[in-house]
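Peer 1: Here's a structure for you.
What follows draws every value from the coordinates through simple rules; no lab data is involved. Bear in mind the structure is a predicted one, so any value in this text is a computation, not a measurement. Every residue, glycine among them, receives a Cβ derived from its backbone with ideal geometry; neighbour counts consider all protein chains shown.
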Amino acid sequence: MSASHILVERKGAVQAIRMNRPEKKNAITRAMYAAMAAALISGDDDAGVRCHLILGVPGAFSAGNDIADFMAVAMGGDGGTEVFDFLMALATLAKPLVTAADGIAVGIGTTIHLHADLTLATPRTVFSTPFVDLGLVPEAGSSLIAPRLLGHQRAFALLGLGEGMPAGPAKAAGLIHDVIPEDGLEAAALALAERLAAKPPEALKLARDFMRGDRDDIVARIEAEGKAFRQRLSSDEARQAFMAFMSRGKT
Ligand code: COA
């Protein structure tokens, strides 16, 4: 990975993590997961950081896990622990998380937001999770969190049917906090993160912990989903879907 695929920047008491692989619509590689996990953990440990912020690039929050990495596991390779490490860091964050999505938000590009406290998106953003279409299962604890948040039918449309959820309906459903025009997205997200960073940190942490509740069930679900996900990666259904994606336009 080029180190520039993940940019970590301090803006006062806000730590901003930017996925920056625009040429691949911010598809996330193992090295990118590792860099993001490290940044989340070090931000949580740093008393000077009071809020995490995760950003993408214009037009692409993320196209999800890099399908070439999926393919490598499907062909017998070792998937490593980077995805799991990132999901654990995300699900057990001690400090608040703001996310800002513009445009493409596929797979983990959607499920990340289930762990965010405030998410902003733009009118052209569509959240989608084609796990089943890829022969896979939902991840990141989404099979637990999404039905709780959205109700079974909306969660099933997203995670089972694989139907995209545009920003407007996502706000109405409670998946995101607000919809902001493209040119104001990042400033608005930073302003929200700065507002959180300016709160009394102990009171905010207590409030957030009460609202998030015990996260043991989410951690357990991430582990269970991860086990099924790894098995599914080498299924015929998944292999065929990855091959279809990777050979697009090559006739
Ligand atoms: N993994 C690896 N590469 C990806 C990728 C992914 N998840 N998503 C996009 N890319 C690559 C494309 O292969 C293409 O590479 P190339 O220029 O070398 O051919 C580049 O990023 C641009 O993508 P492209 O498909 O041309 O952009 P688009 O705007 O037409 O479509 C998407 C964007 C997100 C709709 C489409 O790329 C897509 O469906 N990606 C796969 C999403 C997915 O299933 N993710 C896994 C979820 S679990």
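Peer 1: Computed from the mean reciprocal separation of all distinct C-alpha pairs, what Kirkwood hydrodynamic radius does the range 1-54 have, in Å?
Peer 2: One decimal place: 11.4 Å for the Kirkwood radius.
Peer 1: Let me ask something additional. Please report, in whole Å³, the volume per residue of the convex hull around the C-alpha atoms of the range 108-192.
Peer 2: 83
Peer 1: Assign unit charges at the C-beta atoms only (+1 for Lys and Arg, -1 for Asp and Glu), then state the dipole size of the chain relative to its Cα centre in Debye, rounded to the nearest 20.
Peer 2: 280
Peer 1: Among the listed pairs Lys11/Lys95; Lys25/Lys227; Lys24/Lys171, which have their C-alpha atoms separated by more than 23 angstrom in this model?
Peer 2: In this structure, Lys25/Lys227; Lys24/Lys171 lie more than 23 Å apart at Cα.
Peer 1: May I ask you to list the aspartates and glutamates whose Cα is less than 18 Å away from that of Lys205, ignoring any residue fewer than eight positions away on the same chain?
Peer 2: Qualifying aspartates and glutamates at Cα under 18 Å: Asp44, Asp45, Asp46, Asp117, Glu194, Asp214, Asp216.
Peer 1: For the range 1-118, with equal point scatterers placed on the C-alpha atoms only and solvent neglected, what are the log10 I(q)/I(0) values from the Debye formula at q = 0.15 1/Å, to two decimals?
Peer 2: With no solvent term, the Cα-only Debye profile gives -0.61.
Peer 1: Sum -39500 (n - 2.57) across every DSSP H segment of at least 4 residues in the chain, then divide by the residue count to get the 222 nm mean residue ellipticity, nearest 500.
Peer 2: Theoretical 222 nm ellipticity from helices: -14000 deg cm²/dmol.
Peer 1: When averaged across all projection directions, what area in nm² does the alpha-carbon convex hull of the range 92-251 cover?
Peer 2: Result: 10.6 nm².
Peer 1: May I ask you to evaluate 6.51 cos²θ - 1.76 cosθ + 1.60, the Karplus curve with θ = phi - 60°, for each residue of the range 32-41 and list the ³J(HN,Hα) values in order in whole Hz, giving x for glycine and proline?
Peer 2: 5, 4, 4, 5, 6, 4, 4, 5, 5, 5
Peer 1: Shifting gears a bit: Where does the longest stretch of the chain lie that holds no trypsin sites (Lys or Arg not before Pro) found in a DSSP loop with 12 or fewer other Cβ atoms within 10 Å?
Peer 2: 1-247
Peer 1: Let me ask you something else. Using alpha carbons only, what's the Rg to Rh ratio of the range 54-112 with Rh from Kirkwood?
Peer 2: Expressed as Rg/Rh, it is 1.03.
Peer 1: Another one. From zero outward in steps of 5 Å, how is the percent of C-alpha pairs of the range 71-152 spread across the bins?
Peer 2: That works out to 3, 12, 19, 25, 21, 11, 6, 2, 0, in percent per bin.
Peer 1: Something else: Work out Dmax and Rg for the range 159-251 from the C-alpha atoms and quote the Rg first, both in angstrom.
Peer 2: Taking only Cα atoms of the range 159-251, I get Rg and Dmax of 19.9, 59 Å.
Peer 1: Note down the nm distance, to one decimal, between modelled labels 7 Å out along Cα→Cβ at Glu163 and at Glu223.
Peer 2: Calculated label separation equals 3.5 nm.
Peer 1: Quick one: length gained pulling Gln231 to Arg10 fully straight, 0.36 nm per residue minus the C-alpha distance?
Peer 2: 75.7 nm
Peer 1: Could you give the length gained on full extension between Asp209 and Asp78, defined as 0.36 nm per residue of separation minus the Cα-Cα distance, in nm?
Peer 2: Value of the extension gain: 43.6 nm.
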